[in-house]
Structure formats: structure tokens, C-alpha cells
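Read the figures in this text as sums done on the coordinates, not as results from a lab. For clarity, every value in this text was computed on a predicted model and none was experimentally measured. Reconstructed Cβ throughout: ideal geometry from the backbone, glycine too, with neighbour counts over all protein chains shown.
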Amino acid sequence: MKVTGFTFIRNATRFDYPVVEAITSILPVCDDFVVAVGKSDDNTLDLVQNIDKQKIRIIETVWDDSAEMKIGGKVFASETDKAFQAIGKDSDWAFYIQGDEVIHEKYLAGIYSSMEKWKDDKMVDGLLFNYLHFYGSYDYVGLSPKWYSYEIRIIRNNKNFYSFRDAQGFRKNQNEKLNVKPIDAYVYHYGWVKEPGTMMKKAINANSFYQDKNFLKRMKSKDSNGSKEFDYSSIDSLRLFTDSHPKVMESRIQRKNWNFEHDISFNRLSLRYRGKIFIKKYLGINTYYENYRII
């Protein structure tokens, strides 16, 4: 069985993406790794080149910044597809990881076993992971239904598969959902854990790929020495994280230089989200978005 990891990245240093940790976290179960590195304004290319010269193959890309590709984050899917299409035909599985996602080492053996188990079952298009979305600091995880709980991160190396919408998941053929098997493994998503000034810059940059004209009006921020900082206090519902983080994240966590605290006794959910939870719990009707078909 051959497994190839793949991802895309641009301006990792400028916007503080833990891409080194992301790639490193799954390298032990990958035979090789394809990284689509977009032309950047910082040292992203050097950063990726120095991770593992034996396993990692870099394809340098130029992002399509046209207006069409900035509708709904299409460019993220396009860059994902560039990396996926560069994977050789001899690979059985393609393991996708985004630049702000990390896998805990305690899950690697189970992930590899799952790939072995389903390798020859052609009905299985991919493997479905659980998610933890960290917010504000490394001590809190989002509870609201607005955070997606599951997504596909391992897919069969079938070139009829493609990245969907803004690269959250995958589809096949003519917009068909992939058939997946859930596995007992979590993706640790650190996209909302950054120094507040950097988080604000990252949020503004990310929004430029969605063309949301009301974004800045909705974005709560505060001035600090004349610069804008992201206001983490606007979150609705969090819980304390009491488990361990992946070892590859230890150094980054130790370098954390800001404070964020949330009083979980003041958690609040909108009527809409409370309704979705009630309908699923008591009526057995799932109104959550699912970009896959569990088999």
C-alpha cells in the first residue's frame, strides 16, 4: 500500500500558518508528499523545502486571483486539485491536510490500519475524520453547530475526484458525494488560534477570496497602538480542552504570546442553533450540512 500526502500553502509565515506542523504530523504514514506552494510574499517556499527533502515534492504555483476565483473561495479548491493531480498513479490513498490542521500522533496507527482495511474495497471512496476546532487559544474548543464536526481527509487516488467549493471536502464525477467510512481519529484545527493582530490580518486576507462585502462591518475588532486586533470575545460557545496536543505543536504552543480566557458559564447559542440541536437529538432529523455519504 502506498500513501501520498498532499496540501497547498501560500504566505504561511506572514499569516502564521502551522504548515510545518501540519505536514510533519502525517509524514510517518506517508510514503511521499506533494505540496503546492503558491508564489508568496515571505519565506514559505524555504520553509517547506526544509521539512523533509526525501519525502516532499514541491510544485510551485501561481494563484488565480481573478474575480471569478474569488467567489466562495474557489481558488483554494483549485490549488488543492493541483497538488492532488500531481500524485503518481502508483499511490493507493491520498492523505489531505490543510495548513492549519494537525493530526495527533496517537491516531496514526489507527489511520494506517483503516487505509489497509479499506484499500481493496472500491466502494469506499474515502475516510471521514472527526474535528476539534480550537478558538482563541489552545485551551478552548468550539461547541456551536457552526463548526463542522466531520470531513473527508483521506481519499482514494482516483483522478475523477476533485476538491469541492472552498476545499473543505471532495466530490466525484458530476457533483456526487463520496462514499466514506468514519474512522476513530481527529483533525486538530488551529485556524482560529493566533496572536490577535495576526488573526485580524489573516481573516481580512481570507475574506478577500470570498468577496464578502459586509465582512468588515460584522468583524468585531479593537484598536491596539493604531493596529486592528481580532476580538475573540464575540464567540458564542466554547469548552475547555483538557487533553494533550500533538507533540509537533509543543514548541508553537510554548511560544504563545497573548492571553485569551472565556467564561464557559456564559456560553450562549442562537435560537437557530438550539433548534438544530433539538431536532437532531429528539426527532432524529439531521439538519447539519454533510459533504459525504457514510456507507
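Some observations on this one:
- Condition met for Val19 (farther than 17 Å from Ile155 by Cα and touching a Gly at 6+ places or on another chain (Cβ under 6 Å)): yes
- Flag if Lys117 is more than 29 Å from Glu195 (Cβ to Cβ), surrounded by fewer than 16 Cβ atoms within 10 Å (Cβ to Cβ), touching a residue at least 12 places away in the same chain (Cβ under 8 Å) and not acidic (Asp, Glu): no
- Criterion: over 20 Å from Ile154 (Cβ atoms) and small (Gly, Ala, Ser) - qualifying residue of Ala77, Ala67, Ala94, Ala83: Ala67
- Filtered residues of region 44-91 (kept if out of contact with any Lys or Arg (no Cβ under 9 Å at 6 or more places or on another chain), over 18 Å from Gly5 (Cβ atoms) and surrounded by 13 or more Cβ atoms within 10 Å (Cβ to Cβ)): Met69, Lys70, Ile71, Val75, Ser78
- Cβ-Cβ contacts under 6 Å between residues 6 or more apart (or on different chains), taken from a first residue in region 69-87 that is under 12 Å from Arg165 (Cβ atoms) and in contact (Cβ under 8 Å) with a residue 12 or more places away in the chain to a second residue that is among the hydrophobic types (A, V, I, L, M, F, W, C) and in a helix (DSSP H, G or I), are listed as Val75/Met69.
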